[in-house]
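As structure tokens, the structure follows; a few thoughts come after it.
The values are calculated or read from the model by the stated rules, or taken from the named source; none is laboratory data. Worth saying up front: this structure is predicted, and the values here are computed from it rather than measured. With ideal geometry, Cβ positions are generated from the backbone for all residues, glycine too; neighbour counts draw on all protein chains shown. Side chains included, ligands, DNA and RNA excluded: accessible areas come from the protein's heavy atoms. Shrake-Rupley method; radii C 1.70, N 1.55, O 1.52, S 1.80 Å.
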Amino acid sequence: MRFDILTLFPAMFSSPFQESILGKAIEKGLIEIRAVNIRDFTLDKHRIVDDAPYGGGQGMVMKVEPIARAMEWVKSQDSSAWRIYLTPQGRRFDQEKARTLSSRSHLVLLCGRYEGVDERVRELLVDEEISIGDYVLTGGELAAMVVIDAVSRLVPGVLGSDQSAEEDSFSDFLLEYPQYTRPSHFKGKDVPEVLLS
Ligand code: 21W
């Protein structure tokens, strides 16, 4: 499965996915994650990606053309790519959405900054809008990471065989239990006797 992240801060994605389970999945070729710098798709000397909103109001708005060029570049490589805009106004992300998205072969995650994107990005350049919850972030990048993490672990082979059992409903209930590992005694808090036998 392939993930393209459209962002003004591609460096934010260099380390988080190199670690642990997702790092292994990348090494195995099960997932591929690419951060695309929207600024590379500007044509002007100053590489401007934002501008003041028409009608006034606070803050800046991300311009449509660099995002359009970046999206078109990705789409030219794979017309089946599914385009997601991470926005506080989007539909709330949940496990069912993670499951649905994991059946796609290619996701494009557009991360907003400033006050968001020009409305024509929403109208013309995205298939779906997703929020990760009712709190305010500084941009869509961390939300994109959450979506990639939750979707990637559902890709066959990404989790080890002992971990993949976690997906069945029986073990949902196992997860509700307190869990212990060694030592059996720690600061007066002991592992329940029934687990030691
Ligand atoms: C936060 C952008 C607040 C804009 C019109 C004019 C992506 C996010 C984000 C951010 C505003 C997600 C407005 C949960 C999040 C994200 C940055 C305010 C108001 N509208 N999921 N001004 N929370 N956040 N815009 O913050 O980009 S997914």
Discussion item. When you check VAL117 against the structure, is it more than 7 Å from the ligand (Cβ to nearest atom), among the β-branched types (Val, Ile, Thr) and under 16 Å from the mean Cα position of the chain (by Cα), yes or no?
Written reply: no
Practice prompt. Collect the residues in segment 1-25 that are out of contact with any helix residue (DSSP H, G or I) (no Cβ under 9 Å at 6 or more places or on another chain) and farther than 28 Å from MET62 by Cβ, keeping them in residue-number order.
Written response: GLU19, SER20, GLY23, LYS24
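Yes/no per residue for (1) open to solvent by 80 Å² or more (accessible area, probe 1.4 Å); (2) out of contact with any helix residue (DSSP H, G or I) (no Cβ under 9 Å at 6 or more places or on another chain); (3) modelled with pLDDT of 95 or more:
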position	(1), (2), (3)
VAL136	yes, yes, yes
ALA144	no, no, yes
SER152	no, no, yes
SER164	no, yes, no
ASP168	no, yes, no
THR181	yes, yes, yes
LYS187	yes, yes, yes
LEU196	yes, yes, yes
Worksheet item: Is there any pair linking a residue in segment 124-141 that is near the ligand (Cβ under 6 Å from one of its atoms) to one that is among the polar types (S, T, N, Q), with Cβ under 9 Å and at least six apart or on different chains, and which?
Response: SER131/THR87; SER131/GLN89; GLY139/THR7; GLY140/THR7; GLY140/THR87
Item to complete: Spot the failing condition for ARG47; the list is (1) over 16 Å from ILE5 (Cα atoms); (2) touching a residue at least 12 places away in the same chain (Cβ under 8 Å), and only one is missed.
Response: (2)
Worksheet item: Within segment 99-120, can one find any residue that is modelled with pLDDT under 95, open to solvent by less than 60 Å² (accessible area, probe 1.4 Å) and under 21 Å from MET12 (Cα atoms)?
Response: yes
